[in-house]
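Read-outs: derived from the displayed coordinates by stated rules, not from any lab. Keep in mind that what you see is a predicted model, and the values were worked out from it rather than measured. Quick reminder, even Gly has a Cβ in these numbers, built from the backbone with ideal geometry, and neighbours come from all protein chains shown.
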Amino acid sequence: MSILKIVEYGSPILREKSKEVTKISKKIKALIQDMLETMYDANGVGLAASQVGQNLRIFVIDVSDPKGPIDPVVFINPKIIKKSGAISSYEGCLSFPKAYTTVRRYKNVMVKALDINGRPFIKEAKDGELLARAIQHEFDHLDGKLFIDHCRNRFDANNVLEKYNLPPVEEEYLIDEDFLEQEILEWEKANPEAANKEKEEIEKLENSKEE
Ligand SMILES: [Zn+2]
């Protein structure tokens, strides 16, 4: 097993569509082990094959408590078969060192994929839990999409990217998500206290990074 180099934003491979895995060979299994090791080494909750320079439809996720035992989930050739609801999510990405911004996501997703032994399984994630957001984030990587394509505020996102010497948001990749935005705004209007608390927590996180 080895720790692989993580590709950074600006590299063309992050914008390519990944290919289906046709056989789960020894080489593929070794790649998956390396991806897991690389993800844990970088303290990430998810990693897609394109982020280590392999254009294959594979990602790994572990949303378990970092202090507890590991709980890796491997997704090969995944398909999102159901999605609903909307949520605002404060996200970063191992290919964007330190840069976080607020993006739009679906609240609930159901995904179908193959595990490392080629057996199909279905995973459901609800209520905007970390797993739901991580699945969408990693799934996007397989189609050359990045979290900043879902940003709620392009100017905020650009400020953060600039701060960490990363290229700005690429306009042609921005995703039109009026429906999700509408639903998020309605939720914020109906839950002003919770929405404010969320904002304050993000600000606190941002400020603590500056020290
Ligand atoms: Zn990512």
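Does the stretch 145-153 include one or more residues that are within 16 Å of the ligand (Cβ to nearest atom) and in contact with a His (Cβ under 8 Å, 6 or more places away or on another chain)? Scanning the stretch 145-153, I find at least one residue that is within 16 Å of the ligand (Cβ to nearest atom) and in contact with a His (Cβ under 8 Å, 6 or more places away or on another chain), so the answer is yes. The condition (being within 15 Å of the ligand (Cβ to nearest atom), under 30 Å from Glu198 (Cα atoms), aliphatic (A, V, I, L, M) and touching a Phe, Trp or Tyr at 6+ places or on another chain (Cβ under 6 Å)) is satisfied by just one residue among Val103, Val60: Val103. Listed here are the strands (runs of 3 or more DSSP E) enclosed by the stretch 1-111 that have at least 2 residues being farther than 19 Å from Leu131 by Cα and not aromatic (Phe, Trp, Tyr): 96-105. Among the residues of the stretch 152-203, those that are without any contact (Cβ under 8 Å) to a residue 60 or more places away in the chain, charged (D, E, K, R) and closer than 15 Å to Ala99 by Cα comprise Arg154, Asp156, Glu162, Glu203. Taken over the stretch 118-143, the criterion of being in a helix (DSSP H, G or I) and surrounded by 16 or more Cβ atoms within 10 Å (Cβ to Cβ) is satisfied by Leu131, Ala132, Arg133, Ala134, Ile135, Gln136, His137, Glu138, Phe139, Asp140, His141, Leu142. Yes or no: Glu91 within 11 Å of the ligand (Cβ to nearest atom), buried (at least 16 other Cβ atoms within 10 Å of the Cβ), farther than 22 Å from Gln54 by Cβ and not hydrophobic (A, V, I, L, M, F, W, C)? Yes, satisfied. Out of the residues in the stretch 41-69 that are closer than 16 Å to Ala113 by Cβ and of a type in the set (Val, Ile, Thr), which is surrounded by the most Cβ atoms within 10 Å (Cβ to Cβ)? Filtering the stretch 41-69 for residues that are closer than 16 Å to Ala113 by Cβ and of a type in the set (Val, Ile, Thr), the one surrounded by the most Cβ atoms within 10 Å (Cβ to Cβ) comes out as Ile58.
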